[in-house]
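Written out below as structure tokens is the structure these notes cover.
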Amino acid sequence: MDRIIIRGGRRLEGEIPISGAKNAALTLLPCALLTDEPLTLRNLPRLADVDSFGHLLNQLGVSITVEGSKPKDFGRVMTLRASNVASTVAPYDIVRKMRASILVLGPLLARAGEATVSLPGGCAIGNRPIDLHLKALEELGAEIELTAGYVRATAPKGGLVGGRITFPIVSVGATENALMAAVLAKGTTVIENAAREPEITDLAKCLVAMGADIEGLRTDTLTIRGKDKLHGATYAVMPDRIEAGSYACAAAITGGSVLLGGARRETMPAILSGLTDAGVHVADEPGGIRISANGEIKPLTLSTAPYPAFPTDMQAQFMAMLALANGTSLLTESIFENRYMHVPELNRMGADIEVRGRSAVVRGVKALTGAPVMATDLRASMSLVLAGLAAQGETQVARVYHLDRGYERLEEKLQAVGADIERASDG
Ligand code: EPZ
């Protein structure tokens, strides 16, 4: 397994190009199943999860061609075509490694009338149930059976039928599965209390480009008039707001000045307002958003919640930044039940953080000290990298495969703005 080695204390200066959004890519890829025509996706990030999803789609009969690109280019152009659906089974050995595989459930049901998908199981940050996905599909007429660790879903003979789906809590994935199923259902579907994350809007825009009839984009009520068929399209993945937020924290924690190239302000309201409240300077510039800091971080009280509130995927990164604030911050994680595994590792670097149930009290310290630390999940890994960038001395982050799931060429992007960071292989 690889390690990331960081020698901290350097101010970051320069531009970091923001890649296509992982969480948009992972819901756009399965859209290829909804038509027998080619779907071309541009600006796809080079990430382990994108590759794994491509492998799963291959198994389902989707042909994939990747346009040649120079090694230094970020992002890829991928053309996917499901002329026929060769299989409707998403096996355990793939789903267990990438829970987003559950997002083939809706499209397979819509296109092929059936799907057998391994239950994704929990992960490091929580048990991650899929009951809301299944209830939503039942509202569209699907029959759901759970056997031997698999979900077996079957559409009615004539195909899925439009219905009313009211989510009791906001779920990004369940909204995505419902949306992808509804676009080919007979009749009209209304999805209430839909997630409003920008990645959902990206999905809806791609589906509309494929001929779907969807109203209510960016709102919590989506109305979908089902079509008999969708056609192919070309669609560019939105820039990754969480990657952008993560590198904004890198500028803040090192007292640097970084241009987030291609970042879209309108997709990251709570992230940018959180940075501003922490005393970080945020300014629009041609080509992106400039993040500048003078080394002074103000403490914050923040709670994660569904979009447009402060995103759970930024909690660990903000915690690393607030570990060096002039005062005590209070962070509350309201989405996942176990998303504080970065805390013990940050404390080993000299942070003073105490977890109390769903909240973490972060008492700012003067400095962090580099140490060997262990990544446990994607965003926790990034918080350790951020702490290492600011810490005195050397930090070694082990199990960086977590990072490779969500950050395209991280060390290259950080080296380009002055970080002393490298990847070492454990052989
Ligand atoms: C998506 O996960 C993202 N993943 C997550 O990003 C993100 O943290 C999460 O949304 C919240 O924004 C992708 O898009 C691939 P949810 P998802 O359904 O869809 C509960 C990252 O770091 N719930 O919105 O799985 C669930 O347990 C990853 O990039 C049910 O109870 O999240 C959680 O408490 C991590 N039943 C809450 O809802 C269900 O059927 C929100 O989960 C589904 C969810």
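Hey, what angle do you get for helix 378-390 against the long axis of the chain, alpha-carbon based, 0 to 90 degrees rounded to 10?
Orientation of helix 378-390: about 20 degrees from the principal axis.
Check cross-link reach from Lys227 to the aspartates and glutamates: straight Cα distance under 13 Å, and skip same-chain residues fewer than eight apart.
Of all the aspartates and glutamates, those that pass the test against Lys227 - Cα under 13 Å, at least 8 places apart if same chain - are Asp213.
Provide the descending list of Cα extents for the range 232-387 along its principal axes, expressed in whole angstroms.
48, 36, 28
Against the empirical 2.2 N^0.38 Å scaling, what ratio does the C-alpha Rg of the range 342-381 come to?
1.17
How big is the antiparallel share of DSSP beta bridges in the range 60-209, given as a percent to the nearest 5? Intermediate results must be reported in sequence, preceding the final value.
Numbers: 15 of 21 bridges.
The answer is about 70 percent antiparallel.
Using 1/(1 + (r/R0)^6) with R0 = 30 angstrom and r between the beta carbons of Gln415 and Ile64, what's the FRET efficiency to the nearest 0.05?
Working: r = 31 Å, r/R0 = 1.02.
FRET efficiency, Gln415 to Ile64: 0.45.
Between helix 48-59 and the chain, what is the angle of the helix's C-alpha long axis to the longest principal axis, kept within 0 to 90° and rounded to the nearest 10?
Roughly 20 degrees between the two axes.
For the pairs Lys22/Lys229; Lys97/Lys229; Lys135/Lys157; Lys97/Lys205; Lys22/Lys70; Lys135/Lys229, note any where the Cα-Cα span goes beyond 30 Å. Could the numbers behind the result be given before it?
Values: Lys22/Lys229 27 Å; Lys97/Lys229 32 Å; Lys135/Lys157 19 Å; Lys97/Lys205 28 Å; Lys22/Lys70 21 Å; Lys135/Lys229 24 Å.
Those over the limit are Lys97/Lys229.
For the range 272-311, what is the accessible area per residue in Å², given a 1.4 Å probe and the full set of protein chains?
Averaged over the residues of the range 272-311, the accessible area is 45 Å².
Using helices alone, I'd like the mean residue ellipticity at 222 nm for the chain: each DSSP H run of four-plus residues gives -39500 (n - 2.57), total over residue count, nearest 500. Working shown, then result.
Numbers: 14 runs with 123 residues, N = 427.
After summing the helix terms and dividing by residue count, I get -8000 deg cm²/dmol.
How far apart, in nanometres, would the label points at Asp426 and Asp352 be if each is projected 7 angstrom from Cα along the Cα-to-Cβ direction?
3.3 nm
Enter the Cα centre distance for the pair the range 101-120 and the range 1-73, rounded to the nearest angstrom.
21 Å
Would you mind estimating how fast the range 4-81 diffuses translationally, via Stokes-Einstein at 37 °C and 0.692 mPa s with the Kirkwood radius over Cα pairs, in µm²/s? Don't skip to the answer; put the middle values down first.
Details: Rh = 14.1 Å.
Rounded to a whole number, D works out at 232 µm²/s.
Rounded if a/c is under 1.5, else prolate if a/b is larger than b/c, else oblate: which is the range 202-324, with a ≥ b ≥ c the root eigenvalues of its Cα gyration tensor?
Working: a/c = 3.38, a/b = 2.13, b/c = 1.59.
Prolate is the answer for the range 202-324, as a/c is 1.5 or above and a/b outweighs b/c.
Which of the trypsin sites (Lys or Arg not before Pro) found in the range 283-373 are in a DSSP loop and have at most 14 neighbouring Cβ atoms, other than their own, within 10 Å? Each step should come with its number before you reach the end.
Details: sites: Arg290, Arg339, Arg348, Arg356, Arg358, Arg363, Lys366; in loops: Arg339, Arg358, Lys366.
Qualifying residues, ordered by number: Lys366.
Considering only DSSP beta bridges where both residues belong to the range 124-240, give the percentage that are antiparallel (nearest 5). It would help to have the intermediate numbers written out before the result.
Values: 13 of 17 bridges.
Antiparallel bridges make up about 75 percent of those DSSP assigns within the range 124-240.
Just need the Rg to Rh number for the range 351-409, please, alpha carbons only, Kirkwood Rh. Each step should come with its number before you reach the end.
Working: Rg = 12.5 Å, Rh = 12.4 Å.
Expressed as Rg/Rh, it is 1.00.
I need the fraction of alpha carbon pairs in the range 34-182 separated by more than 24 Å, rounded to a whole percent.
34 percent
Once Rh for the range 102-142 is found with the Kirkwood sum over Cα pairs, what is the Stokes-Einstein diffusion coefficient at 37 °C and 0.692 mPa s, in µm²/s? Show your work: numbers first, answer last.
On the way: Rh = 11.1 Å.
Using the Kirkwood radius from Cα pairs, D works out to 296 µm²/s.
Can you tell which of Ala124, Ala250, Ala316 shows the greatest fluctuation in a Gaussian network model of the chain with Cα springs below 10 Å?
Maximum fluctuation in the GNM of the chain, among the listed residues, is at Ala124.
Principal axis lengths of the range 291-382 from Cα atoms, whole Å, largest first?
Each principal axis gives a Cα extent; for the range 291-382 these are 32, 28, 26 Å.
Can you give the translational diffusion coefficient of the chain in µm²/s, computed by Stokes-Einstein from the Kirkwood radius over Cα pairs at 10 °C and 1.306 mPa s? Mind dumping the intermediate values first?
Numbers: Rh = 21.9 Å.
The diffusion coefficient I find is 72 µm²/s.
Tell me whether the range 201-255 comes out rounded, prolate or oblate; compute the Cα gyration tensor, take square roots of the eigenvalues as a ≥ b ≥ c, and use a/c under 1.5 as the rounded threshold.
oblate
Could you look at the chain and say what percent of its accessible area is carbon and sulfur, using a 1.4 Å probe and all protein chains?
Working: 8020 of 15850 Å².
Answer for the chain: carbon and sulfur cover 51 percent of the accessible area.
Using only Cα atoms, find the angle between the long axis of helix 198-209 and the longest principal axis of the chain, and express it within 0 to 90 degrees, rounded to the nearest 10.
Relative to the chain, helix 198-209 is tipped by roughly 40 degrees.
The values are calculated or read from the model by the stated rules, or taken from the named source; none is laboratory data. Remember, it's a predicted structure, so these values are computed and weren't measured experimentally. Heads up, the Cβs are rebuilt from the backbone with ideal geometry, glycines too, and the neighbour counts pull from every protein chain shown. Remember, those area values only see protein heavy atoms, side chains included, never the ligands or the DNA or RNA. Shrake-Rupley method; radii C 1.70, N 1.55, O 1.52, S 1.80 Å.
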